[in-house]
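Undergrad: Before anything else, here's the structure in question.
The values are calculated or read from the model by the stated rules, or taken from the named source; none is laboratory data. It should be emphasised that the depicted structure is a prediction, and the values quoted were computed from it without experimental measurement. FYI the Cβ positions are ideal-geometry reconstructions off the backbone, even for glycines, and counts take in every protein chain you see. Accessible surface is based on the protein model in full, side chains and every heavy atom, while ligands, DNA and RNA are left aside. Shrake-Rupley method; radii C 1.70, N 1.55, O 1.52, S 1.80 Å.
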Amino acid sequence: MWDLVVVGGGPAGASAALGALAVDPSLSVLVVDRREFPRDKACGDGIAPHVFDLLGEVGVSGIVDDWTPVRRFALTRGDVGVDREMARPNWVVPRTVFDQRLVEAAQAAGAELIRRRVRGLEIQPRFVTVDGDLEARFVVGADGAYSVVRRDLGLAAGPVALAVRGYAPTPAGRAASQVIAYGPGRQPSYAWSFDRGDGWSNVGYGEQLTGTRPTRAELMEHLEALLPGATDGGKSWWGHHLPLSSWSWRPQAGPVMLAGDAAGLINPMTGEGIYYAVATGLLAGRAVAEALSKNSADAGSSYRHQVTRLLGRHLRHTALTAQLSRSGRVLNAGIRAAAADQRIFDDLVELGLADGLITPRLLRALVKAPRPEQV
Ligand SMILES: Cc1cc2nc3c(=O)[nH]c(=O)nc-3n(C[C@H](O)[C@H](O)[C@H](O)COP(=O)(O)OP(=O)(O)OC[C@H]3O[C@@H](n4cnc5c(N)ncnc54)[C@H](O)[C@@H]3O)c2cc1C
């Protein structure tokens, strides 16, 4: 009988193990992943500094110190654009590297990692059975966008985007920068080029699915149209779904919790999901350790309370921003305001990459958006 079985060894799963073991290093924690590590994951590889603040709380530090931080962030939409230095640098680190180091940190803290494709779970009165043979007091479902744990909890998937990413040599004009170019039509739709700092960039294009599913060729065409030259010399192309966050999220009570993409937590405006994955993974792990210390079978209620405190308002503000930006007019106004005022730019970065809110000055800038006939 494991104290905790974590399904999925990505950022959310490794963080769940770290969160539990930081509270009580004597817990038995099993991380189960269908893939052999190190493994790649389709992603933009952009990692906000807040991720490292959180990891520092559980004793994980210096894991990307050999990578070059990125200081500039550029947002464009047509001929509207902003290109500024961020208050704090970001990192662009391939997931093959980042996830491996994170899962190693979880192992160093005492977690066991095995390879297995989990097929399902059953909640019993005092424990949970995974695949009929693994027994655990608690389970964290951190198994990503196509989560079987979410399916077995009977929870419907929310809105999703589809994106393709690849690696391409960094052109001089996009070096040392993270660039997001929003599409001309319905939002969210955007291309990105994130310089890794080693001569290569992570490049890609994604859009929210609203019925028809674009082909890979169409996604690549949009990428090239928004960021000309971005696909030149590109390799390792990989398409993947992004489960987007929406207005609210209320984890359920009990012994099974969802974290990261399994919980549908990706910022619809920027595609950011690693911060949410690490934040919710840590909180789920801590909730498990707390419940075990009280001999309770319910970690979900405490988890719900903690994630609501951390992300409740932020998720509502992000959903509102995404809603307001649908027309593109408000999005343009936000970009123009960020170009005019460093503080509004900083507000947008916090909202898009971590847990920021719509500040009064940002709201004023957004509602002042000119009507179409004034543009
Ligand atoms: C194209 C693209 C670009 C993105 N760009 C960014 C970005 O630049 N910055 C950012 O912060 N976020 C980005 N995201 C989002 C980010 O990739 C995710 O939010 C993040 O990976 C979530 O981490 P996770 O641990 O929840 O899930 P994952 O990283 O997907 O990990 C889930 C793990 O579960 C395992 N698994 C799945 N099913 C099973 C099973 N049945 N049994 C056992 N194991 C299983 C998988 O092998 C995997 O290792 C992007 C996403 C996409 C698709």
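Undergrad: Can you tell me which residue is nearest to the chain's Cα centre (by Cα) among those in the stretch 132-168 that are within 10 Å of the ligand (Cβ to nearest atom) and open to solvent by 50 Å² or more (accessible area, probe 1.4 Å)?
TA: Filtering first and then ranking leaves Y146.
Undergrad: Within the stretch 61-71, can one find any residue that is assigned to a strand (DSSP E or B), away from the ligand (no atom under 15 Å from the Cβ) and open to solvent by 10 Å² or more (accessible area, probe 1.4 Å)? Please lay out each step first, then the result.
TA: The first filter runs over the stretch 61-71 and keeps only residues assigned to a strand (DSSP E or B), leaving 70-71.
Narrowing further to those that are away from the ligand (no atom under 15 Å from the Cβ): 71.
Now restrict to residues that are open to solvent by 10 Å² or more (accessible area, probe 1.4 Å): 71.
Checked the stretch 61-71: at least one residue is assigned to a strand (DSSP E or B), away from the ligand (no atom under 15 Å from the Cβ) and open to solvent by 10 Å² or more (accessible area, probe 1.4 Å).
Undergrad: Would you mind finding the one in G281, G264, G352, G285 that is open to solvent by less than 10 Å² (accessible area, probe 1.4 Å), closer than 23 Å to A163 by Cα and not charged (D, E, K, R)?
TA: Working: G281 fails: closer than 23 Å to A163 by Cα; G264 fails: open to solvent by less than 10 Å² (accessible area, probe 1.4 Å); G285 fails: closer than 23 Å to A163 by Cα.
One residue alone meets the criteria, G352.
Undergrad: Quick one: which of W237, W192 is open to solvent by 50 Å² or more (accessible area, probe 1.4 Å), in a strand (DSSP E or B) and within 15 Å of the ligand (Cβ to nearest atom)?
TA: Numbers: W192 fails: open to solvent by 50 Å² or more (accessible area, probe 1.4 Å).
The conditions single out W237.
Undergrad: Scan the stretch 253-266 for residues that are within 8 Å of the ligand (Cβ to nearest atom) and not aliphatic (A, V, I, L, M) and jot them down.
TA: G260, D261
Undergrad: Considering only residues that are in contact (Cβ under 8 Å) with a residue 60 or more places away in the chain, part of a strand (DSSP E or B) and small (G, A, S), which ones fall in the stretch 179-189?
TA: Correct list: A181 only.
Undergrad: Residues being part of a loop (DSSP other than H, G, I, E, B) and under 23 Å from D53 (Cα atoms): count how many of those fall in the stretch 249-267. Full working, then the answer.
TA: Let us first name the residues in the stretch 249-267 that are part of a loop (DSSP other than H, G, I, E, B), namely 249-255, 259, 264-267.
After this cut, where a residue has to be under 23 Å from D53 (Cα atoms) as well, the list is 259, 264-267.
Residues that pass the stated criteria total 5.
Undergrad: For the list (1) under 30 Å from F127 (Cα atoms); (2) at pLDDT 95 or above; (3) within 14 Å of the ligand (Cβ to nearest atom); (4) surrounded by fewer than 24 Cβ atoms within 10 Å (Cβ to Cβ), I need the number of the one condition that W249 fails.
TA: (2)
Undergrad: So L242 fits all but one of (1) hydrophobic (A, V, I, L, M, F, W, C); (2) open to solvent by less than 20 Å² (accessible area, probe 1.4 Å); (3) in a strand (DSSP E or B); what number is the exception?
TA: Of the numbered conditions (1) hydrophobic (A, V, I, L, M, F, W, C); (2) open to solvent by less than 20 Å² (accessible area, probe 1.4 Å); (3) in a strand (DSSP E or B), the odd one out for L242 is (2).
Undergrad: Same structure, new question: When the residues of the stretch 41-60 are narrowed to those that are among the small types (G, A, S) and part of a loop (DSSP other than H, G, I, E, B), which ends up farthest from the ligand (Cβ to nearest atom)?
TA: Filtering the stretch 41-60 down to residues among the small types (G, A, S) leaves 42, 44, 46, 48, 56, 59.
Then keep just the ones that are part of a loop (DSSP other than H, G, I, E, B); that gives 42, 44, 48, 59.
On the way: A42: 5, G44: 3, A48: 7, G59: 19 Å.
So the residue we want is G59.
Undergrad: Something else: Out of the residues in the stretch 7-22 that are closer than 18 Å to V256 by Cβ and not in a loop (DSSP other than H, G, I, E, B), state the one that is farthest from the ligand (Cβ to nearest atom). Working first, answer last.
TA: In the first step, residues of the stretch 7-22 are kept if they are closer than 18 Å to V256 by Cβ; the result is 7-10, 12-13, 15-17, 19-20.
Next, from what is left, pick out any that are not in a loop (DSSP other than H, G, I, E, B): 7, 12-13, 15-17, 19-20.
Values: V7: 5, A12: 3, G13: 6, S15: 8, A16: 9, A17: 11, G19: 13, A20: 15 Å.
Among those residues, the one meeting the criterion is A20.
Let's see how each residue does on (1) open to solvent by 40 Å² or more (accessible area, probe 1.4 Å); (2) within 10 Å of the ligand (Cβ to nearest atom); (3) touching a strand residue (DSSP E or B) at 6+ places or on another chain (Cβ under 6 Å):
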site: R34; (1), (2), (3): yes, yes, no
site: R39; (1), (2), (3): no, yes, no
site: D79; (1), (2), (3): yes, no, no
site: V92; (1), (2), (3): no, yes, yes
site: F98; (1), (2), (3): no, yes, no
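Undergrad: State all residues of the stretch 138-170 that are part of a strand (DSSP E or B) and closer than 20 Å to V5 by Cβ; if no residue qualifies, say none. Show your work before the answer.
TA: To start, the set of residues in the stretch 138-170 that are part of a strand (DSSP E or B) comprises 138-141, 160-169.
Those that are part of a strand (DSSP E or B) and closer than 20 Å to V5 by Cβ: F138, V139, V140, G141.
Undergrad: Does any residue of the stretch 111-128 turn out to be surrounded by fewer than 18 Cβ atoms within 10 Å (Cβ to Cβ), among the polar types (S, T, N, Q), away from the ligand (no atom under 14 Å from the Cβ) and without any contact (Cβ under 8 Å) to a residue 60 or more places away in the chain?
TA: Yes, the stretch 111-128 has at least one match.
Undergrad: Something else now. Among Q306, Q323, which is the only one that is at pLDDT below 95 and either farther than 20 Å from R150 by Cβ or out of contact with any strand residue (DSSP E or B) (no Cβ under 8 Å at 6 or more places or on another chain) (or both)? Walk me through how you get there before you give the answer.
TA: On the way: Q306 fails: at pLDDT below 95.
The match here is Q323.
Undergrad: Related question: Against the condition closer than 30 Å to A289 by Cβ and open to solvent by less than 70 Å² (accessible area, probe 1.4 Å), how does D53 come out, does it pass? Explain how you work it out, then say what you get.
TA: On the way: closer than 30 Å to A289 by Cβ: yes; open to solvent by less than 70 Å² (accessible area, probe 1.4 Å): no.
It is false that D53 is closer than 30 Å to A289 by Cβ and open to solvent by less than 70 Å² (accessible area, probe 1.4 Å).
Undergrad: Here is a further query. Suppose we keep only residues that are in a loop (DSSP other than H, G, I, E, B) and open to solvent by 40 Å² or more (accessible area, probe 1.4 Å) within the stretch 195-208. Which one would you say is nearest to the ligand (Cβ to nearest atom)?
TA: In this case the residue turns out to be G197.
Undergrad: Can you find even one residue in the stretch 275-284 that is farther than 22 Å from V29 by Cα, of a type in the set (S, T, N, Q), within 16 Å of the ligand (Cβ to nearest atom) and within 19 Å of the chain's Cα centre (by Cα)?
TA: Looking for residues that are farther than 22 Å from V29 by Cα, of a type in the set (S, T, N, Q), within 16 Å of the ligand (Cβ to nearest atom) and within 19 Å of the chain's Cα centre (by Cα), one finds none in the stretch 275-284, hence no.
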